[in-house]
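Peer 1: Quick one: this structure, given as structure tokens, is what I'll be asking you about.
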């Protein structure tokens with residue numbers, strides 16, 4: 001079966017004190033590290049189990065890209081490379097032409113294969129797809145061909161309520177854009193408690 005395309009999970013290397021700092025301020029560095037490590041592992045295994053797409057992990061910092069995680073054979077690990085988040089995502093999205101390419105964050109524990117399938121289905125009819133987050137950002141971005149979307153991430157105010165709006169403003173009005181499910185990332189103790197309450 002030919003894959004729909006590639007799903008790349010963006011993650012920080014699991015180093016205590018260097019991951020989920022806002023969450024760590026609420027629950028402690030060790031617990032934040034455990035959450036980050038286990039959520040990323042679970043997400044990689046969950047998505048890699050689906051043969052409809054290829055799953056890959058993109059890690060920062062670069063020198064930790066091949067030392068950080070132990071996953072099933074076949075899960076490629078690559079460095080995110082230099083630059084801000086927009087430059088790093090553009091570089092990864094450009095790797096997969098001519099097949100569609102999707103990026104998701106590693107701190108959204110509610111991502112399921114059905115969400116990824118919806119995103120790829122949207123890309124069969126649209127040039128870009130986004131998975132909005134309640135805070136004004138987005139947990140998923142996918143493109144059919146990044147060359148059709150020059151400057152997609154130019155001037156985006158990352159980690160702000162304007163991130164999605166800034167990105168959409170960079171898209172030529174002739175391009176077709178889709179939106180799928182809204183999912184929340186876990187950035188602080190309140191978000192973690194809310195997610196755990198829903199997961200019981």
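No value in this document is a laboratory result; all are computed from the given coordinates. If you're wondering where the values come from, they're calculated on a predicted model, not measured in any experiment. As a convention, Cβ positions derive from the backbone with ideal geometry for all residues, glycine included, and neighbour counts pool all protein chains shown.
Peer 1: Any idea what angle helix 29-48 forms with the longest principal axis of the chain, computed on alpha-carbon atoms, 0 to 90 degrees, nearest 10?
Peer 2: Once rounded, one gets 40 degrees.
Peer 1: Taking the Cβ-Cβ separation of residue 160 and residue 21 as r and a Förster radius of 22 Å, what is the calculated FRET efficiency to the nearest 0.05?
Peer 2: After rounding to 0.05, the efficiency reads 0.85.
Peer 1: Using a Förster radius of 35 Å, what is the FRET efficiency between residue 51 and residue 198 based on their Cβ-Cβ separation? Nearest 0.05, please.
Peer 2: It comes to 0.75.
Peer 1: Counting only DSSP beta bridges with both residues in the chain, what percent are antiparallel, rounded to the nearest 5?
Peer 2: 30 percent
Peer 1: Now for a different question. Angle between the Cα long axis of helix 189-199 and the longest principal axis of the chain, 0 to 90 degrees, nearest 10?
Peer 2: Result, in degrees: 80.
Peer 1: What order, most packed first, do the peptides 166-174, 9-17, 36-44 have when packing is the mean number of other Cβ atoms within 10 Å of each residue?
Peer 2: Per-residue Cβ counts within 10 Å, averaged per peptide and sorted highest first, yield 36-44, 9-17, 166-174.
Peer 1: May I pose another question? For each of 139, 195, count neighbouring Cβ atoms within 10 Å of the residue's Cβ, then give the residues from fewest to most.
Peer 2: Values: 139 24, 195 17.
Going from sparsest to densest Cβ surroundings: 195, 139.
Peer 1: Follow-up. Figure the gain on full extension for residue 121 and residue 31 (residue separation times 0.36 nm, minus the Cα-Cα span) and round it to one decimal in nm. Don't skip to the answer; put the middle values down first.
Peer 2: Values: separation 90, 0.36 × 90 = 32.40 nm, distance 3.66 nm.
Contour length minus Cα-Cα distance gives 28.7 nm.
Peer 1: Starting from 0.36 nm per residue, how many nanometres of slack lie between residue 94 and residue 172 once their C-alpha separation is accounted for?
Peer 2: Details: separation 78, 0.36 × 78 = 28.08 nm, distance 1.83 nm.
Extending this stretch completely gives an extra 26.2 nm.
Peer 1: Can you give the angle from 0 to 90° between the axis of helix 85-94 and the longest principal axis of the chain, with both taken from C-alpha atoms, to the nearest 10?
Peer 2: Around 50 degrees separate the two axes.
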